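Colleague: The structure under discussion is supplied below as structure tokens; questions concerning it will follow.
Derivation of every value follows stated rules applied to the coordinates shown; laboratory data play no part. Because the structure is predicted, anything quoted here is derived from the model rather than measured. FYI the Cβ positions are ideal-geometry reconstructions off the backbone, even for glycines, and counts take in every protein chain you see.
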């Protein structure tokens, strides 16, 4: 990005890159094997397990959901979410992978943001990534067990990332698994916060997003999403007898 100052175009690398079309931006990608949105299949609603969904079938929302197994840094979409730490200066796991793939200018912009609170989200240019933007969010550390404050913070990570995307006209967004690595949040619990946050946000703002992608890398995470997606994006109405059993069980637990 050496010629942008000489061309009369925007005066920073991020402004220059963000002003380009997708086609023109491709010459600045640091990877050649990117995956375009057209090559990310939609998730197909299937029948769930024994537990009925608490949500009604909504075909418009179903057409906005994808489950992708692979490298989030390869996705050519409007924005990817980074599971960052409070400094926003890079770290391990997906955080380090995104910084390496984007190049050093990402860290330079992140340094200007003065960190990020847990549960909040901040946006930067994607630089050498195929994604136009990176939305950085900081998940809770739950190594000693999940408390209500951890659950709320994790839900906020997803909701605030979605809000940040729509505020910046990003219509396609990919999430990694947040807080489930060294931060110690049990994946089997985290998946529900992710799916519930996305479902509820899409119900209220379905016209602002075209695609939300759950990007997984480990086989166990893929299986968790396959098991639980039907609870939040069901194939149809639950059978009446199952709904009655579910309601009865909830009453007994309470």
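Colleague: What's the FRET efficiency of residue 226 with residue 113 using the Cβ-Cβ distance as r and R₀ = 41 Å, to the nearest 0.05? Present the calculation step by step, with values, prior to reporting the outcome.
Modeller: Details: r = 35 Å, r/R0 = 0.86.
Efficiency computed from Cβ-Cβ geometry: 0.70.
Colleague: Also, quick follow-up: Using only the alpha-carbon atoms, how far is helix 93-102 inclined from the longest principal axis of the chain? Give it as 0 to 90 degrees, nearest 10.
Modeller: 30
Colleague: Next question. Fewest first, what order do 191, 35 take by the number of other Cβ atoms within 10 Å?
Modeller: Working: 191 22, 35 17.
Placing the least packed residue first, the sequence is 35, 191.
Colleague: Here's a follow-up. On a 0 to 90° scale, report how tilted helix 187-205 is relative to the longest principal axis of the chain, with both axes built from alpha carbons and the result rounded to the nearest 10.
Modeller: Once rounded, the angle reads 80 degrees.
Colleague: Modelling each spin label as a point 7 Å along the Cα-to-Cβ direction, I'd like the residue 217/residue 147 distance in nm, to one decimal.
Modeller: About 2.9 nm, to one decimal.
Colleague: If I fit a long axis through the Cα atoms of helix 219-232 and take the longest principal axis of the Cα atoms of the chain, what angle between them do I get, 0 to 90°, rounded to 10?
Modeller: 60
Colleague: What does the C-alpha gyration tensor say about the overall shape of the range 183-225? Classify as rounded when a/c is under 1.5, otherwise prolate if a/b is larger than b/c, or oblate. Walk me through the numbers before you get to the answer.
Modeller: Details: a/c = 3.08, a/b = 1.86, b/c = 1.66.
The shape class here is prolate.
Colleague: Let me ask something additional. Relative contact order (percent) for the range 91-211, with alpha-carbon contacts under 8 angstrom and 6 or more residues of separation? Present the calculation step by step, with values, prior to reporting the outcome.
Modeller: On the way: 151 pairs, mean separation 27.0, N = 121.
RCO, the range 91-211: 22 percent.
Colleague: Spin-label point model (7 Å from Cα, Cβ direction): what's the residue 54 to residue 169 distance in nm?
Modeller: Each label point lies 7 Å from its Cα, and together they span 3.6 nm.
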